[in-house]
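Engineer: Below is the structure I would like to discuss, written out as structure tokens.
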Amino acid sequence: MKIVGIFDKREEQVGFRLAGIETNIIKSKEELTNKLNSINNSKDIGILVINNNIFNLMPDEFKKIEKRQLPLLLKID
């Protein structure tokens, strides 16, 4: 199982990358929609790490993810 991070700030992305976590920088809601579709179709992602700004772009979608068993959603401030 992989850990994947989705962020809007380069500083957060770099920090998680240094820890060996696959990360993505998202700049628009469209990019986020595409990335979430990819994550939803993947069976090997165990943890999804996001920040509050990313959560606030599509709160309903992330609430759906929270209800599923995998991936576990970890929201950081």
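Engineer: Cβ contacts < 7 Å: first residue closer than 24 Å to Gly15 by Cα, restricted to the stretch 52-77; second residue among the polar types (S, T, N, Q), any location; separation 6+ or different chain. Result?
Structural biologist: So the pair list comes out as Lys75/Asn52; Ile76/Asn51; Asp77/Asn52.
Engineer: How about the stretch 1-23: which of its residues are surrounded by 15 or more Cβ atoms within 10 Å (Cβ to Cβ) and either within 15 Å of Ile65 (Cβ to Cβ) or more than 13 Å from the chain's Cα centre (by Cα) (or both)? Before the answer, list the steps.
Structural biologist: In the first step, residues of the stretch 1-23 are kept if they are surrounded by 15 or more Cβ atoms within 10 Å (Cβ to Cβ); the result is 3-8, 12-13, 16, 21, 23.
Within the stretch 1-23, Ile3, Val4, Gly5, Ile6 meet the criteria.
Computed from the coordinates by the stated procedures, all read-outs in this text should not be read as laboratory data. Everything numeric here is computed off the predicted structure, so don't read it as measured data. In this analysis, Cβ positions are derived from the backbone assuming ideal geometry, glycine residues included, and neighbour counts consider all displayed protein chains.
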